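**Student:** Next up is a structure, given as structure tokens.
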Amino acid sequence: MITLNANTPARDTADITKKYKKKSQSAEVWHRLRRNKAAMLGLVVAILLILMAIFSSTLYDYETQVINQDIPNRLQPPSWEHPFGTDESGRDILARIVYGSRFSLSIGFSTVVFALIVGGTLGALAGYYGGMLDNILMRIMDIFLAIPGTLFAITLVAALGQNTINLIIALAISSVPGFARILRSSVLSVREVEYVEAARAIGATDARIIMQHVIPNSLAPVIVQSTLNVATVILTIAGLSFLGLGVRPPQPEWGALLSSGRQYLRDYGYITMFPGLAIMTTILALNLLGDGLRDALDPRLK
Amino acid sequence: MWKYILKRIVAMIPVLIGVTLIVYFILSLAPGDPVRAMLGEQSTPEAYEEMREALGLNDPVIVQWGRYILNLFRGDFGISYKTKTNVAVELAARIPSTLTLSFFATTIAIIFALPLGIIAAVKQNTWIDGISMFISLLGVSIPIFWFGLLLLQFFCLKLGWFPASGADTWLHYVMPGMALGFHCMASIARITRSSMLEVIRQDYIRTARSKGLSYNKVIRKHALKNALIPTITVTGLQIGSLLAGSVLTETVFGIPGIGRLMIQSIQGLDYPMVLGCILVFTLMFSIVNLIVDLLYAFVDPRIKAQYS
Amino acid sequence: MKKVQLIGLVLLIAMFASIAVSCTGNAANTKSGPAIDYDTVVIATADETPSLGTATHNAVAGDYVNKLTHNGLFRLDKELNPQPDLVASYDFDENSYTWTFKLHPGIKFHDGSDLTADDVVATLNYTKTMPDIATYTTSYDNVTKVDELTITLTTDGPSASLLYDLAHHGNYIIPKELIDQDADMSANPIGAGPYKFVSWDRGEKITFVAFEDYFDKERAPKIKNIIWRIIPEGSSRTIAIESGEVDYIIELDSTAVKTLDANENVTVMKIPSVSHNWLCINNEVPPFDNVNVRRAINCAINRADIIEVALNGAGVPATAQTPAGMLGENPDNFGGEYDVEKAKEYMAKWGGDPSTIKLEMICSNDTKRRAAEVIQSNLKEIGIEAGIVSLDLATYLSETAAGNFTGFIGGYTSNEMMSFLKGVYHSSNIGSSNKTRTANPEVDRLIELASKTVDQKEREKVLMEVTKVLNDNCYQIPIYQDYTLSVHKKDLDNTFITSGGTFFAQEWSWKK
């Protein structure tokens, strides 16, 4: 199905046909995705969350509304003024959650992008060149894969010190092997296909072949993996926050809100309830979307 | 078969050595000073130097690592900085708790996930399908420690059904098992559903149906067995996230397992203990993967043929 | 097909299990009510001891359990004064600085052997070789056996700290036999204490049983068994006492006080402590070497707010650079009243730009983190952008001791003013407990003068003088003295906590 126009040698024709082919393919995926109600729900929620993250600074002022303390008004139950109540230092929980989407989502996304770039490159190289390089890279990946991800992140954050960059690095490293494996196997499956051989025959460089043929073909599993991975990362940060290894206060990352409110669980349940629900909704949406995408991209499961 | 197992076990050794190297490297970057942590703030400089020398911390990292590996091959995991006991002894005391917890979590995950997956597949594309999958996803979406605390509030305090913490009896493991098991339920339910779907469409199921067997019977007698293979694999793969989740679960429920030991050791800069914990986790993970592969062969004769 | 049956079986078991659980659950429920096991007390704590040995650690969690299994020559009483324990009588020769101790006759170790002068000599020579407790073994020397029940030792002049040192768990007496065998002290915690060690389930619980041959009949334990449960998560500990699983919690979360105060089955104890908590700033790092900057911060922070947020009200504001409630307390010229305008004046006196100040506050737990968040917000008012770093306790200790910090939230607990001053402000402790890295010859001189001043009144004068100098220089930013928060079942009697946070489990009994 993909090799339709594999023999077309001229570059521009190849581009045109590829565009056409891509469009029809993505149109079909979109069509399938649209029929999946759960996935669409996930998509809508995810888009809303992203919009919330983008516009949080227009909705709230970070200095005066998100991190500014108001001790006399601490631990207020939900009211008109504070729809989600206030936390232990009198900060509006709704404002912190809205702003928190910025921290949680951006850490989630940047971690995955980082892991994708590093893992993807390594996997693509390993798959494309094979042999010794493949062997060495994949054995190293095996080692990283053998350590459960969260444990690795815990150790790394504890060692490197606690700040957002280190957090991203720690979380990304444990996601790298997953992406490397995906890219490697899709490269392997594409490498010997006729049109790639053809491209090689007319003297296309390795880089060009990887960029133009290999990567587009591995997009499907990568998109699925990325979506699910963002979810995992957001959950892992929450866990790290619980262990005191998350973002630095007073940044309103969701896991930090949840974890710092846990001592008030008994008497002031709403302090943890709303951040908890925010995390839950996000993970649920991303999982629904990821699962839906997987179904849509893999017609066999239809 | 045995040859295959042996080969796999031998292949674990370089991976484990690699793991120790990586962890050693990471720990060497850590800012804290284990000796200062051990002796407290009132220590004298002489005592401090003496202790550093005694622990071999003045040697280059690579030398320390080499010594560690050599000792490891002799079965010596080193001495804990904090408790001054043999790390292996300490680990051995903790492993049963973590294994019991993992067992409970896996069992609970399967008990909930299988019916959800099967029902979803049988009632594909109905609201039942949707609800089942939604429920299975809820577990993976809740931060484990929060869920654990909520369970504690409800079942221990409100209802008084279960003890709040400790590891005396199997009752102590029900709630942590639930917190952790729910977390792993989603993938198992999902894979059960999709492999059931795949199986249901196979010819032999249609044949069985056309012979006049009832739908329920077909599902029970023919479809389930074949659909189980991928389920086993995924359950095995879940062990990884289960082990990671055990760190949080053990902390919330006060279970004396490896996960909690590891956190305490990281916080106490007890490096030999941290290494030991990570090694045990890695080993458990690798062994489970091996078992999964073997089970796989056991359930599906076609795969078994490849190994021999 | 077999698989299907297997699943059926598993489901069946699960069903039975849940039924069984709900039955036993009900039973447990009734037990959690008034029914108390009068032979046992279950103590819950956050931290597990690193060792059951006495001389192999310097941890508070270990001190608690050592107190059960072992005795020292001396012990600290409820007012934190040293009292003879294993010692029946003692004598001090002022000319030769020689101390003579006479042991009680007939003291038995848990293994049945007699505790004699040989054991004391062996112990005190052994503890001198142990690095973990080196601070507590420097005051004495030349430990010698005179007869079966008498020993002598010497000190370097008149020493007030000797008896305190001998009351420290590091110097608790252990059998000579174990020392000679080079035994694992943690695996054989044999002492002459009121409780015998039974078992240790790592990470979970430690069990003790009363020692029938305990030498001090008046202080013999009244409850037969003690189970020491380790529950790291604060909210789980609170739930455990509410559900009746545990009888006593050593460290109660301040957030739980409100709930438990309303619970008629338990008693919450709020004991004002001598623990002095502060924002410590590294005086060697500019601009914190400037007294005006320090004074500015001192009056820029709102102590009442910090106590409210960090301790949920369970504490009192600090009144000086040294703790209140000790000999020589002195609030003169402390300048800690919350006053933003005054803070700005001090900043103006310094003349620098506050936004250039780099202050990173290290916090090692949730309470400290909450305090730091309030301080962060307070300091913003005078233009200082402070950061917060969470480090776990061990890393925090080593970082602060080495001086790799600008600031941290910390504290110091001491039983009396002399050791507090020596530990926190004497220049000889830079690199260990003098975290501000204060090096003031005048302070050093006064501290040494006080240690040589025997007369109580004279000494108080000198101590007040030191505090005054410290207040003038404002070396750190004292915040609060918190309450020790513990909780126990209402029926547990004779519970008492010292201002140092120590309790005496051997004196507890159940009201029947």
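Here, each number is a calculation from the coordinates, and none is a lab measurement. Keep in mind the model is a prediction, meaning the values are calculated, not measured. Here Cβ is always computed from backbone atoms with ideal geometry, including for glycine, and neighbour counts include all displayed protein chains.
**Student:** Within 10 Å of each Cβ in C:306-312, how many Cβ atoms from other chains are there, averaged over the peptide?
**Tutor:** The shielding value for this peptide is 3.
**Student:** Okay, next question. At a 10 Å Cβ-Cβ cut-off, how would you order A:Asp70, C:Asp119, fewest neighbours first? Kindly include the intermediate steps, with their values, before the conclusion.
**Tutor:** On the way: A:Asp70 14, C:Asp119 25.
By the 10 Å Cβ count, ascending, the order reads A:Asp70, C:Asp119.
**Student:** Using a Förster distance of 56 angstrom, determine the FRET efficiency expected from the C-beta separation of C:Asn333 and B:Val63, and round it to 0.05. Spell out each step's value before the answer.
**Tutor:** On the way: r = 55 Å, r/R0 = 0.98.
That pair, C:Asn333 with B:Val63, gives E of 0.50.
**Student:** In whole Å, what are the Cα extents of the range C:216-283 along the three principal axes, biggest one first?
**Tutor:** 52, 35, 22
**Student:** Could you tell me the calculated FRET efficiency between B:Ala54 and C:Asp184, based on Cβ-Cβ distance and R0 = 25 angstrom, to the nearest 0.05? All intermediate terms of the calculation are to be shown ahead of the outcome.
**Tutor:** Numbers: r = 17 Å, r/R0 = 0.67.
Computed FRET efficiency for B:Ala54 and C:Asp184 comes out at 0.90.
**Student:** Another question about this same structure. Using a basic spin-label model with each label point 7 Å from the Cα along Cα→Cβ, how many nm lie between A:Ser106 and A:Leu51?
**Tutor:** Output for this residue pair reads 2.1 nm.
**Student:** Here is a follow-up. Per DSSP H run of at least 4 residues, take -39500 (n - 2.57); add these up for chain C, divide by its residues and hand me the 222 nm value, nearest 500 deg cm²/dmol.
**Tutor:** -10000 deg cm²/dmol
**Student:** Can you pull the mean other chain C-beta count within 10 Å for peptide C:373-382?
**Tutor:** Averaged over the peptide's residues, the number is 3.
**Student:** Among A:Arg248, A:Arg266, A:Arg200, which one shows the highest mean-square fluctuation when chain A is modelled as a Gaussian network with alpha-carbon springs under 10 Å?
**Tutor:** In the Gaussian network model the winner is A:Arg266.
**Student:** Using 14 Å as the cut-off for backbone N distance, which residues of the range C:296-320 belong to the label zone defined by a point 7 Å from the Cα of A:Ile71 along Cα→Cβ?
**Tutor:** C:298-318
**Student:** Regarding chain B, what whole-number volume in Å³ per residue does the convex hull of its Cα atoms give?
**Tutor:** Spelled out: Cα convex hull of chain B, divided by residues, is 164 Å³.
**Student:** What fraction of the DSSP beta bridges in the range C:276-483 is antiparallel, stated in percent and rounded to the nearest 5?
**Tutor:** Values: 13 of 21 bridges.
Taking every DSSP beta bridge with both residues in the range C:276-483, the antiparallel ones total about 60 percent.
**Student:** Select from chain C the helices, each a whole stretch of DSSP H, whose alpha-carbon atoms run 24 Å or more along the helix axis and whose Kyte-Doolittle mean is at least 1.6; answer none if there are none.
**Tutor:** Values: long enough: C:2-31 (42 Å, 1.05); C:456-473 (26 Å, -1.07).
In chain C, no H run is both long and hydrophobic enough.
**Student:** Sorted from largest to smallest, which semi-axis lengths in Å does the alpha carbon gyration tensor of the range B:15-73 give for its equivalent ellipsoid, taking the root of 5 times each eigenvalue?
**Tutor:** Values: eigenvalues 126, 33, 14 Å².
That gives 25, 13, 8 Å for the three semi-axes.
**Student:** Going 7 Å from the Cα of C:Ala348 along its beta-carbon direction, which residues of the range C:272-310 have the amide nitrogen within less than 19 Å of the resulting point?
**Tutor:** C:291-301, by backbone N distance to the label point.
**Student:** Give the value in nm², to one decimal: projected area of the alpha carbon convex hull of the range C:319-361, averaged over all directions.
**Tutor:** Hull-based average projected area comes out at 4.5 nm².
**Student:** So, one more: Sequence gap of 8 or more, or different chains, plus Cα separation below 16 Å: how many lysine pairs satisfy both in chain B?
**Tutor:** Working: B:Lys3/B:Lys304; B:Lys7/B:Lys304; B:Lys123/B:Lys217; B:Lys211/B:Lys221; B:Lys217/B:Lys225.
Counting lysine pairs in chain B gives 5.
**Student:** Next question, about the same structure. Any idea what % of Cα-Cα pairs in the protein assembly as shown are farther than 53 Å?
**Tutor:** Working: 163260 of 628881 pairs.
Of all Cα-Cα pairs in the protein assembly as shown, 26 percent lie more than 53 Å apart.
**Student:** Quick one: 3J(HN,Hα) in Hz for the range C:197-214, Karplus 6.51/-1.76/1.60 with θ = phi - 60°, rounded, Gly and Pro as x.
**Tutor:** 6, 10, 7, 9, 8, 3, x, 10, 7, 10, 10, 10, 10, 4, 8, 5, 9, 4
**Student:** Suppose R0 equals 51 Å; then what is the FRET efficiency for C:Asp156 and C:Ser199 from their Cβ-Cβ distance, rounded to the nearest 0.05?
**Tutor:** Between C:Asp156 and C:Ser199 the formula returns 0.75.
**Student:** Rounded if a/c is under 1.5, else prolate if a/b beats b/c, else oblate: with a ≥ b ≥ c from the C-alpha gyration tensor eigenvalues square-rooted, which is the range C:58-188?
**Tutor:** Numbers: a/c = 1.41, a/b = 1.21, b/c = 1.17.
In terms of gyration-tensor shape, rounded.
**Student:** Could you tell me how far the Cα centroid of the range A:182-240 sits from the Cα centroid of the range B:94-165, in Å?
**Tutor:** What the calculation gives is 34 Å, centre to centre.
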